[in-house]
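Taken together, the values in this text are just the output of simple stated rules run on the coordinates, not laboratory data. Just so it is clear, the model here is predicted, and its values are computed rather than measured. We place every Cβ from the backbone using ideal geometry, glycine too, and count neighbours over all the protein chains shown.
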Amino acid sequence: MLKTAKDLIHTEAKAIQNLAKKLNDNFLLAIEVILKCKGRVIVSGMGKTGIVGRKISATFSSTGTPSIFMHSAEAAHGDLGQVTKDDVILLISSSGETEETVRLLPLLKRIKAKTIAITGNVKSSLAKHSDIVLDVSVEKEGCPLGLAPMASTTATLVMGDALASCLISRRQFKREDFAFFHPGGSLGRKLLLRVSDIMRSGEHYAKVKETMAVKDVLYAITQARCGSACVVNAKGKFVGIFTDGDLRRHLELDVNLLSKPVKNVMTKNPTVIKAEQLAAESLLVLEGRKIDELPVIDKKGKLVGLLDVQDLLRAGLV
C-alpha cells in the first residue's frame with residue numbers, strides 16, 4: 001500500500017513538473033484577457049473537473065478577480081443567462097469532448113464572450129473552438145485502474161492557481177485587499193485589526209507625570225489594571241515607561257525607591273508603536289523585544305494609549 005501511494009504521489013508530482021514546460025504565449029494571453037475583462041470570469045465544468053473549477057473560481061474571487069462557477073449541464077437549462085459579452089468563460093474538460101461543456105461553445109460565440117479552454121487534449125473539439133487553449137495533459141493518471149482522474153485534476157488545479165498567482169501580481173493585490181474579502185475569520189482579524197482597535201486608552205491605562213512618586217505610580221497601575229505606566233513630562237510629552245521589571249531592578253538597590261520620582265527609575269525612550277499600524281505587527285514587536293507592553297502614539301508622536309499582550313490574546317491574534 002505504501003508503494004501504491006508513493007507511486008501515485010510521484011506520478012502527480014511529475015505531472016505538475018511537466019505542466020511548467022507547457023506554459024507558453026497562450027498562458028500570457030489568458031492573463032491579459034482576464035485582466036481586461038469588464039465582467040466576471042465564469043468557470044464551467046462537469047464532474048470532478050467541475051469540482052476543481054469551483055475551487056479555481058473561489059480562488060479568483062478571493063484574490064481580486066470577480067468569478068462565479070457555472071455547472072456545464074445547468075448552463076443549458078437556464079444558467080447561461082448569467083453570461084454576458086463582457087465575461088470571460090473558463091471551460092474545463094480533460095478530454096476536451098465532454099458533451100455538456102462542448103455544446104456551450106456555439107452559444108457562447110453568439111453571446112460574444114471570450115473563451116479559455118483548460119484541457120488535456122489540445123486537438124479536441126473544445127480546444128479547436130475556444131479562443132485560448134491551456135494544455136494540462138498528463139502522461140498517466142496514477143489510478144491503479146487507469147480510470148479515475150487523479151493527475152489530470154491536480155494539473156488543472158495547479159494551472160488555475162498559476163493564473164490566480166499571476167493575476168494577484170498584475171493587479172498589485174495586497175494583504176489588506178485579501179483580508180477585506182475574508183473578514184469573518186481569524187485571518188481577517190489578523191490582517192484588518194489596527195492597534196487603535198484593541199489598545200487601552202482613557203482610564204484603562206496608567207498615564208502619569210514624571211514627577212509622581214513611584215508608590216503613587218504603582219497605585220495608578222493597579223487602578224488601571226495593567227502592567228505598566230506611561231510617563232509624560234510637564235508639557236504632556238511622552239518620555240518613558242515604568243514596568244514591574246523596572247520596579248524589581250531598582251528596589252534591590254534603593255530601599256527608599258517608593259518615595260522617589262518615577263523619572264529616576266523609568267525606562268527612557270522605550271519601544272513604541274503607532275496607532276494606525278496593524279495589530280499583527282505589534283505582536284512581532286512584542287515577541288522580538290521580549291516585552292509585554294507597548295506605548296501607543298499617534299502620527300504626531302502624541303501618547304494615545306497602551307497595548308498589552310493580553311489585548312492581543314483577547315483579539316484572537318495569539
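Some notes on this structure:
- Check: segment 2-173 dipole with +1 on Lys, Arg Cβ and -1 on Asp, Glu Cβ, in debye: 320 debye
- Neighbours of S72, meaning other residues whose beta-carbon lies under 11 angstrom from its beta-carbon, give a summed charge of -3 when Lys and Arg score +1 and Asp and Glu score -1.
- Model label points for E97 and E276, set 7 angstrom from Cα along the Cα-to-Cβ axis, are 6.2 nm apart.
- Charge dipole of the chain about the Cα centre (unit charges at C-beta), most positive-ward option of G288, P261, V214: P261
- Around V43: net Lys/Arg minus Asp/Glu count, Cβ-Cβ under 11 Å: +2
- L284 paired with D244, simple spin-label distance in nm, labels 7 Å along Cα-to-beta-carbon: 2.9 nm
- Extension gain from L23 to N269, taking 0.36 nm per residue of separation minus the Cα-Cα distance: 83.1 nm
- Segment 2-173: translational diffusion in µm²/s, Stokes-Einstein, Kirkwood Rh over Cα pairs, 37 °C, 0.692 mPa s: 204 µm²/s
- Residue by residue, segment 151-160 carries 3J(HN,Hα) couplings of 4, 5, 6, 5, 4, 5, 4, 5, 4, x Hz when phi is fed to the Karplus relation 6.51 cos²θ - 1.76 cosθ + 1.60 (θ = phi - 60°); x denotes Gly or Pro.
- Residues D161 and E139, FRET efficiency given R0 of 25 Å [Cβ-Cβ distance, rounded to 0.05]: 0.75
- Listed by chain and number, the lysines whose alpha-carbon sits under 28 Å from that of K36, ignoring those within fewer than 8 places in the same chain, are K21, K22, K55, K85, K109, K112, K114, K123, K128, K174.
- Potential lengthening of the chain between V255 and K174 amounts to 23.7 nm, from the contour at 0.36 nm per residue minus the alpha-carbon distance.
- Our estimate of slack between A58 and T4, defined as 0.36 nm per intervening residue step minus the Cα-Cα distance, is 16.3 nm.
- Shape category assigned to the chain from the gyration tensor of Cα positions, a/c cut at 1.5: prolate
- Checking every one of the GluC sites (Glu not before Pro) in segment 71-118 against DSSP loop status and a limit of 16 other Cβ atoms within 10 Å picks out E97.
- Distances between placed amide hydrogens fall under 5 Å for T115 paired with I89, D131, I132, all partners being 5 or more residues away or on another chain.
- Net +/- balance of residues flanking L29 in space, Cβ distance below 15 Å, scoring K and R +1, D and E -1: 0
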